[in-house]
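Engineer: Structure provided below as structure tokens; questions to follow.
The values are calculated or read from the model by the stated rules, or taken from the named source; none is laboratory data. Keep in mind it's a predicted model, so treat the numbers as computed, not measured. All Cβ positions, glycine included, derive from the backbone under ideal geometry; neighbour counts span all protein chains shown.
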């Protein structure tokens, strides 16, 4: 692949982080959401070679590293055990995608496992064989990107809401901002969950197209 999948979207994470920082900063200055000022500041970031752009890979890596991968999975899938969708690949997800030729997969793989851990191990083995496929690379990237956006959104909730409650005076602004951050987390969580399931199904779909003896 030439470089890691995560390396291909670090700038996306940075702009997401910076957009949220700008929104928080503008509200702190104005006492309300000034969309014109937010747009101006974001445009300045894009159009000028600022120190923030130079440091964007470092900022993204550090900010995204606050939470471990297991915590990120919990935030996305809302499960403490058997979090990854691969744990349900052969008992549930396989039946949700019409592109998957289940008969062909059974001939290729034999009896499907039912234990969640075994399901994930088998699915991961199939994924490794197909990991250089462009469709799989794109699907994996979409999942990792939205998973990381979800975890960053949760970090914003942990840090920015308490600060806002302390330093901001307008109660309505506090309420609307809290709703905004929680909504942002929920939306990215649902997106990551859906992309994760699609990633699993894409792997199974491609595998089912293989010829069997």
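Engineer: Kindly indicate the residue of the range 58-81 that is within 21 Å of residue 113 (Cβ to Cβ) and under 16 Å from the mean Cα position of the chain (by Cα) and also surrounded by the fewest Cβ atoms within 10 Å (Cβ to Cβ) among those meeting that condition.
Structural biologist: Ranking the candidates gives 79 first.
Engineer: Taking the residues in the range 82-101 that are surrounded by fewer than 14 Cβ atoms within 10 Å (Cβ to Cβ) and touching a residue at least 12 places away in the same chain (Cβ under 8 Å) as candidates, determine which candidate is nearest to residue 204 (Cα to Cα).
Structural biologist: That would be 99.
Engineer: I want to confirm something. Restricting to the range 179-213 and keeping residues that are free of Cβ contacts under 8 Å to residues at least 40 places away in the same chain and not in a helix (DSSP H, G or I), which single residue is farthest from residue 84 (Cα to Cα)?
Structural biologist: Restricting to residues being free of Cβ contacts under 8 Å to residues at least 40 places away in the same chain and not in a helix (DSSP H, G or I), the top hit is 213.
Engineer: While we're here: Would it be correct to say that residue 105 is touching a helix residue (DSSP H, G or I) at 6+ places or on another chain (Cβ under 6 Å), within 18 Å of residue 22 (Cα to Cα), part of a helix (DSSP H, G or I) and modelled with pLDDT of 90 or more?
Structural biologist: Criteria not met by residue 105.
Engineer: For the structure I just gave you, tell me whether residue 154 is more than 15 Å from residue 27 (Cβ to Cβ) and either touching a strand residue (DSSP E or B) at 6+ places or on another chain (Cβ under 6 Å) or part of a helix (DSSP H, G or I) (or both).
Structural biologist: It is true that residue 154 is more than 15 Å from residue 27 (Cβ to Cβ) and either touching a strand residue (DSSP E or B) at 6+ places or on another chain (Cβ under 6 Å) or part of a helix (DSSP H, G or I) (or both).
Engineer: Could you please let me know if residue 176 is touching a residue at least 40 places away in the same chain (Cβ under 8 Å), at negative phi and in contact with a helix residue (DSSP H, G or I) (Cβ under 6 Å, 6 or more places away or on another chain)?
Structural biologist: Considered against the rule, which asks whether it is touching a residue at least 40 places away in the same chain (Cβ under 8 Å), at negative phi and in contact with a helix residue (DSSP H, G or I) (Cβ under 6 Å, 6 or more places away or on another chain), residue 176 comes out as no.
Engineer: For residue 34, all conditions in the list (1) surrounded by 15 or more Cβ atoms within 10 Å (Cβ to Cβ); (2) in contact with a helix residue (DSSP H, G or I) (Cβ under 7 Å, 6 or more places away or on another chain); (3) modelled with pLDDT of 70 or more hold save one; what is the number of the exception?
Structural biologist: Result: residue 34 passes all but (3).
Engineer: Name the residues in the range 115-136 that are at pLDDT 95 or above and either under 27 Å from residue 19 (Cα atoms) or not in a helix (DSSP H, G or I) (or both), would you?
Structural biologist: The one that is at pLDDT 95 or above and either under 27 Å from residue 19 (Cα atoms) or not in a helix (DSSP H, G or I) (or both): 115.
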